[in-house]
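Working notes for the structure below.
The values are calculated or read from the model by the stated rules, or taken from the named source; none is laboratory data. Note that the structure is predicted; figures quoted are calculated from it, not measured. Cβ: placed from backbone, ideal geometry, glycine included. Neighbour counts: every protein chain shown. Note: accessible area is taken over every heavy atom of the protein model, side chains too, but ligands, DNA and RNA are not part of it. Shrake-Rupley method; radii C 1.70, N 1.55, O 1.52, S 1.80 Å.
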Amino acid sequence: MPVLDLMSGFIAELRNAGLPVSLTENLDAMEAVKVIPIEDREAFKYALGATLVKNNAHWRVFETIFEVYFSLRGPEYAITKDGQPDDFWREMQEQMDQVKGQGEGKGSGGGMDSLTPEEITAMLMRALMSGDQAMMRALAKQSVQRFAGMEPGRPVGGTYYLYRTLRNLDLDNMLQKLIDANREMSKQELTSLEERLEKDEFESRIEQFKQEIESEIRRRLVADRGAEAMAKTLRKPLPEDVEFMHASRDEMQSLKKALYPLTRKLAARLARKRRHGRKGPLDFRNTVRHSLSYGGVPADPKFRYPRPAKPELMVVADISGSVAAFARFTLMFVYAIQNQFSKVRSFVFIDGIDEVTKYFKSTEDIGEAINRVNTEADVVWVDGHSDYGHAFEVFWERYGKDITSKTTVLLLGDARNNYHAAQSWVVKEMAKRARHVYWLNPEPKSYWNTGDSIVGEYGAHTDGVFECRNLRQLEGFVENLT
Amino acid sequence: MKPRFNDVATVRSGLKNVNYLADDGIAGVVYLADRLGKPVLIEGPAGTGKTQLAKSVAELTGARLIRLQCYEGLDESKALYEWNYKKQLLRIQADKNSDSWSEVHDDIFSKEFLLTRPLLEAITSEDPVVLLIDEVDRVELETEALLLEILSEYQVSIPELGTITAKQIPLVFLTSNNTRELSEALKRRCLYLHVDYPDLEREKEIVLNKVPDISENLADQIARIVRSIRQLDLKKPPSVSETLDWARTLMLLGIETIDADEAKETLHILLKYQTDIAKAAKELSVTK
Ligand SMILES: Nc1ncnc2c1ncn2[C@@H]1O[C@H](COP(=O)(O)OP(=O)(O)OP(=O)(O)O)[C@@H](O)[C@H]1O
Ligand SMILES: [Mg+2]
């Protein structure tokens, strides 16, 4: 299919995945493909990316879709039955036989069936050992053909085929085998540093090989099912749409990266609110510059903006089981926020409450901070099931007096109170003293105030309750603070 | 206007000739910027060659580099143009009695009284230029608006004087360390390039190119160690500039092959935080 025809489906899929592709950007992409030939694959990919993806967090989603729409196509990628080699496979076979012949000193011959899985694994090991890229690619193709068990029209996902292929190659043990072989082969004893570097190199080659296999599987699935259907199967949320409550480890990692800019923005927003309506000192240069329109009379004095004062923040977060994944995110958020505000105090609770500011201040290692919060903070009072009422009461008793008219209070949690007493008067008192009180709830709005959720009762006293299931919503909250 | 480059490969090899090691992505976007006449917004971690790319493209194309260094508080009078008000005041004073005000007004708002700042200079230049707007994320969101006209139309409107349009479309690079989100309006006008840490091969090439007399073997080892260190969960992973600093230090110390102790003793050149240094030191001496 000509490139221009592929483009409309490709861009539609980017939009389906949530990428904000504007009309201008769409047009730019159409121009781009006219000047960079598709054969120049890497450059072509980056050129498309340069016009369509303006946020690096979206790059992975873009890459996947790119691969589906612009993957190498042709009859050689059709899924054929085992033992029915087409031309492509015959060629590959010859290549393999050659390599095999050189390596083992055996005569060539026999069909593809003559290669046992053990032999393929041995060849793979040799290729990984020497970093032979061409051989690794050839073996990836061969392995998928032999081991994935792909059949046309079969409705299983790529991960199943990947799993089958990798298992047959015994790839889990490959790293150790490579390390051992390397140790045996080297003439002198390797230093620990050398071993370490070799290991990293092997790991990177194995990773590369895995990606080859994944691409190969994907190409075949695309050939079988068509790009559109395949893209749909592979569709993953953008980092900003990942639900905090259900985020995987990997996804958490990418969320973490997005947090720093967001907290900067939050700091800027909270600071800006304060400078409204105030005027700073006279801006002399600016006044004179404008005076020239009045023949040199400073008729229109200009003022500098005052330096915004740094806002103070108190974060009070539920870290109970019902919001476990959210809590992990919350703690990362608190950690990132610490850099942006001169005064941040953080508190975590389950049925008891504890201040955890010092854990975040005393270390530069976020993992360590979160670990200390989880192990050292005193948040269990009776049974370790959420009791907002009691936690709030204790908060008020111990820290209530520290809230001033400069303080913004952020309450984070699902307000699932296990039918305990609400003690919502605490929130009311907070709101009286504080500059603002906001509640961020990680649950979908439709669940609020159902079962033991009493977010409405608390929320009535705040400046607003906001659904905060993902980064996009958190950003929206920050954005709307002006 | 005649394109500056024939194809992506020319960009890549040309950059290599001026000692900048690009990958296909970087070269592809530079090529595209020339063909489409669009500015390039470069983002990425500190010290990965964002600023250097603009400089090297200038060198490669034989253009003059005009640089606008951004900072908090940068305004129109520093970025675009400013009226030379001292000179204007003198002119007003000198002619107090003779000319009518409207004449004086027209006169003092002519090019003679205009102080050109980098952006205006870039579009009024007769000779070829590369415009570098460095660290654009440092200016306030509101100030970004100053850039929009020049980035999309290559022109500057001066209320008292009219619109000044570029004689030629310069190559424009903006860099950002992503300390804040740039406006959608700005991003829409630019091609986007994310420059990340280079892969092993490219980093080794950079070291070989930038550090005189270094051996292939040492460059290779350096690139490997840096790669391993970057895989750790660090507060600030080593940048390319730090790799280069480290390579130069090892050369000064006359080291030909790095062992674990030497690596550990010089880690502070590669890493800036004590916690990171400790983590890396531990990691390098243990085989797992
Ligand atoms: N691809 C490359 N080829 C050659 N030199 C490079 C390359 N990448 C980085 N360098 C070198 O690394 C150093 C840092 O580069 P540069 O100052 O351009 O980084 P930067 O991304 O602009 O950093 P910052 O975000 O801190 O401004 C320079 O000495 C530059 O020459
Ligand atoms: Mg720079």
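Some values worked out for this structure:
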item	result
Selected residue [hydrophobic (A, V, I, L, M, F, W, C) and not assigned by TED's automatic domain parsing to the domain that holds B:Lys264] from B:Ile214, B:Ile229, B:Ile158, B:Ile222	B:Ile158
Of all residues making up segment B:23-32, the number that are crowded, with 24+ Cβ neighbours inside 10 Å and either more than 16 Å from ligand 2 (Cβ to nearest atom) or not assigned by TED's automatic domain parsing to the domain that holds B:Leu174 (or both)	6
Segment B:233-253 residues that are over 13 Å from B:Lys204 (Cα atoms) and without any contact (Cβ under 8 Å) to a residue 40 or more places away in the chain, paired with ones that are among the basic types (Lys, Arg) and open to solvent by 10 Å² or more (accessible area, probe 1.4 Å) (beta carbon under 7 Å, 6 or more apart)	B:Pro238/B:Arg230
Among the candidates B:Arg202, B:Arg188, residue that is away from ligand 1 (no atom under 13 Å from the Cβ) and either of a type in the set (D, E, K, R) or without any contact (Cβ under 8 Å) to a residue 24 or more places away in the chain (or both)	B:Arg188
Condition broken by B:Leu200, with the remaining ones in (1) surrounded by fewer than 22 Cβ atoms within 10 Å (Cβ to Cβ); (2) facing chain A (nearest Cβ under 9 Å); (3) within 21 Å of B:Arg138 (Cα to Cα) satisfied	(3)
Residue ID - farthest from the other protein chains (Cβ to nearest Cβ), chosen from residues in segment B:259-288 that are of a type in the set (S, T, N, Q) and without any contact (Cβ under 8 Å) to a residue 12 or more places away in the chain	B:Gln274
Within segment B:25-61, tally of residues that are free of Cβ contacts under 8 Å to residues at least 24 places away in the same chain and within 13 Å of ligand 1 (Cβ to nearest atom)	1
Condition broken by B:Glu256, with the remaining ones in (1) open to solvent by 20 Å² or more (accessible area, probe 1.4 Å); (2) part of a helix (DSSP H, G or I); (3) touching a Leu at 6+ places or on another chain (Cβ under 7 Å); (4) away from chain A (no Cβ under 11 Å) satisfied	(2)
Selected residue [over 18 Å from B:Gly49 (Cα atoms) and in a helix (DSSP H, G or I)] from B:Leu234, B:Leu244, B:Leu250	B:Leu250
Leading residue by the ranking (farthest from the other protein chains (Cβ to nearest Cβ)) among those in segment B:148-186 that are in a helix (DSSP H, G or I) and open to solvent by 10 Å² or more (accessible area, probe 1.4 Å)	B:Glu149
Among the candidates A:Asn182, A:Asn173, A:Asn168, residue that is in contact with a helix residue (DSSP H, G or I) (Cβ under 6 Å, 6 or more places away or on another chain), farther than 27 Å from A:Val68 by Cβ and assigned by TED's automatic domain parsing to the domain that holds A:Ser215	A:Asn182
Of the criteria (1) open to solvent by less than 40 Å² (accessible area, probe 1.4 Å); (2) outside the structural domain of A:Met332 (by TED's automatic domain parsing), which one A:Leu266 fails	(2)
The one condition in (1) hydrophobic (A, V, I, L, M, F, W, C); (2) facing chain A (nearest Cβ under 9 Å); (3) within 16 Å of ligand 2 (Cβ to nearest atom) that B:Ile225 fails to fulfil	(3)
Helices (runs of 4 or more DSSP H) lying entirely in segment A:365-482 (those with 2 or more residues that are over 18 Å from A:Phe326 (Cβ atoms), at pLDDT 90 or above and in contact with a strand residue (DSSP E or B) (Cβ under 7 Å, 6 or more places away or on another chain))	A:388-399, A:425-433
Output for segment B:111-140, where each listed residue is open to solvent by 50 Å² or more (accessible area, probe 1.4 Å), under 19 Å from the mean Cα position of the chain (by Cα) and farther than 15 Å from B:Leu65 by Cβ	B:Arg117, B:Arg138, B:Glu140
Extreme residue, nearest to ligand 2 (Cβ to nearest atom), among residues of segment B:210-222 that are open to solvent by less than 50 Å² (accessible area, probe 1.4 Å) and within 24 Å of B:Thr51 (Cα to Cα)	B:Val211
Test for B:Arg12: is it more than 8 Å from every other protein chain (Cβ to nearest Cβ) and in contact with a Ser or Thr (Cβ under 9 Å, 6 or more places away or on another chain)	no
Subset of segment B:40-88 that is hydroxyl-bearing (Ser, Thr, Tyr), open to solvent by 10 Å² or more (accessible area, probe 1.4 Å) and more than 16 Å from ligand 2 (Cβ to nearest atom) - its residue that is modelled with the lowest pLDDT	B:Tyr85
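For (1) farther than 24 Å from B:Glu149 by Cβ; (2) touching a Leu at 6+ places or on another chain (Cβ under 6 Å), each residue gets a yes or a no:
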| position | (1), (2) |
| --- | --- |
| B:Gly37 | no, no |
| B:Gly44 | yes, no |
| B:Gln88 | yes, yes |
| B:Leu114 | no, no |
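Yes/no matrix, rows are residues, columns are (1) within 12 Å of chain B (Cβ to nearest Cβ); (2) modelled with pLDDT of 95 or more; (3) under 20 Å from B:Gly25 (Cβ atoms):
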| position | (1), (2), (3) |
| --- | --- |
| A:Pro2 | no, no, no |
| A:Asp5 | no, no, no |
| A:Ser8 | no, no, no |
| A:Asn16 | no, no, no |
| A:Pro20 | yes, no, no |
| A:Val35 | yes, no, yes |
| A:Ala43 | yes, no, yes |
| A:Gly49 | yes, yes, yes |
| A:Leu52 | yes, yes, yes |
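Per-residue answers, yes or no, for (1) of a type outside the set (D, E, K, R); (2) in a loop (DSSP other than H, G, I, E, B); (3) within 28 Å of A:Ala227 (Cβ to Cβ):
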{"site": "A:Leu139", "(1), (2), (3)": "yes, no, yes"}
{"site": "A:Arg154", "(1), (2), (3)": "no, yes, yes"}
{"site": "A:Leu162", "(1), (2), (3)": "yes, no, yes"}
{"site": "A:Leu166", "(1), (2), (3)": "yes, no, yes"}
{"site": "A:Asp180", "(1), (2), (3)": "no, no, no"}
{"site": "A:Gln188", "(1), (2), (3)": "yes, yes, no"}
